[in-house]
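> Below are the structure tokens for one structure; questions will follow.
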Amino acid sequence: MKKDLKNIIEAFIFVSIDPLSLDKIKDILKEFPDKEIERAAAELTEYYSENKRGITIIQASGGYLFATQNEYDVYIKRLLKHEKKQKLSRESLETLSTIAYHQPTTLAEISAIRGVDASHCLKTLLEKKLIKIVGRKKSPGKPLIYRTTKHFLAYFELNSLEDLPSKEEIEKIIAEKYEEE
């Protein structure tokens, strides 16, 4: 049972957003004696400290939390800089949803649907690799054709475009939101 207790505490620390205090752990795990919880938390902290892993458990702000080892900070900073998700503006989201639901599509088609010029938003979405150019339309002026990317699916945690909500689902969500207000 002692090993299970360490695993439970480890799971608690992993899912906790804020530092998890020993008092809170004791309050949740009333079926375990306080001394056993204290010992398990200390052993868990020691285990991470001794086993030179990429992560460790530290005590900060009155509780336990996972942290990366200091020696890997330079690499962590690189990763975070690379993966930093910047929020999309409302206009970019509208443009992106237009592309997602009407792809493959052109700038003129997107702008017609939205009622405004979407060229600036397209540039932003291309830079963020949420859309890509897949060719030219065989029509006067041969406009560029846009589609969403695999990164789009990952960004919105979708497995495929079929996971996008249907028009009926969107209308239902909007109707429910207006009813709440």
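The values are calculated or read from the model by the stated rules, or taken from the named source; none is laboratory data. Quantities reported herein were computed from a predicted structural model and do not represent experimental measurements. Please note: Cβ atoms are built from the backbone with ideal geometry, for glycine as well, and neighbour counts cover all protein chains shown.
> Go through (1) surrounded by 15 or more Cβ atoms within 10 Å (Cβ to Cβ); (2) over 30 Å from ASP4 (Cα atoms); (3) touching a residue at least 12 places away in the same chain (Cβ under 8 Å); (4) not acidic (Asp, Glu) and name the single condition GLY63 misses.
Exception for GLY63: condition (2).
> Could you say which residue among ILE58, ILE8, ILE76 is within 29 Å of ALA154 (Cα to Cα), out of contact with any helix residue (DSSP H, G or I) (no Cβ under 6 Å at 6 or more places or on another chain) and either of a type outside the set (D, E, K, R) or in a helix (DSSP H, G or I) (or both)?
When all the criteria are applied, what remains is ILE76.
> I would also like to ask the following. Based on this model, can you work out whether THR124 counts as of a type in the set (S, T, N, Q), at pLDDT 90 or above and farther than 30 Å from PHE12 by Cβ?
Considered against the rule, which asks whether it is of a type in the set (S, T, N, Q), at pLDDT 90 or above and farther than 30 Å from PHE12 by Cβ, THR124 comes out as yes.
> Then there's this: Any residue at all in region 100-109 that's assigned by TED's automatic domain parsing to the domain that holds PHE152, under 23 Å from the mean Cα position of the chain (by Cα) and either in contact (Cβ under 8 Å) with a residue 60 or more places away in the chain or within 20 Å of LYS6 (Cα to Cα) (or both)?
yes
> Right, next: Please specify each residue of region 112-136 satisfying the condition of being over 12 Å from TYR146 (Cβ atoms) and either of a type outside the set (Gly, Ala, Ser) or buried (at least 17 other Cβ atoms within 10 Å of the Cβ) (or both).
Passing the criteria: ILE113, ARG114, VAL116, ASP117, HIS120, THR124, GLU127, LYS128, LYS129.
> Among the listed residues LYS52, LYS30, identify the single one that is in a loop (DSSP other than H, G, I, E, B), at pLDDT 90 or above and more than 30 Å from LEU153 (Cβ to Cβ).
Unique residue meeting the criteria: LYS30.
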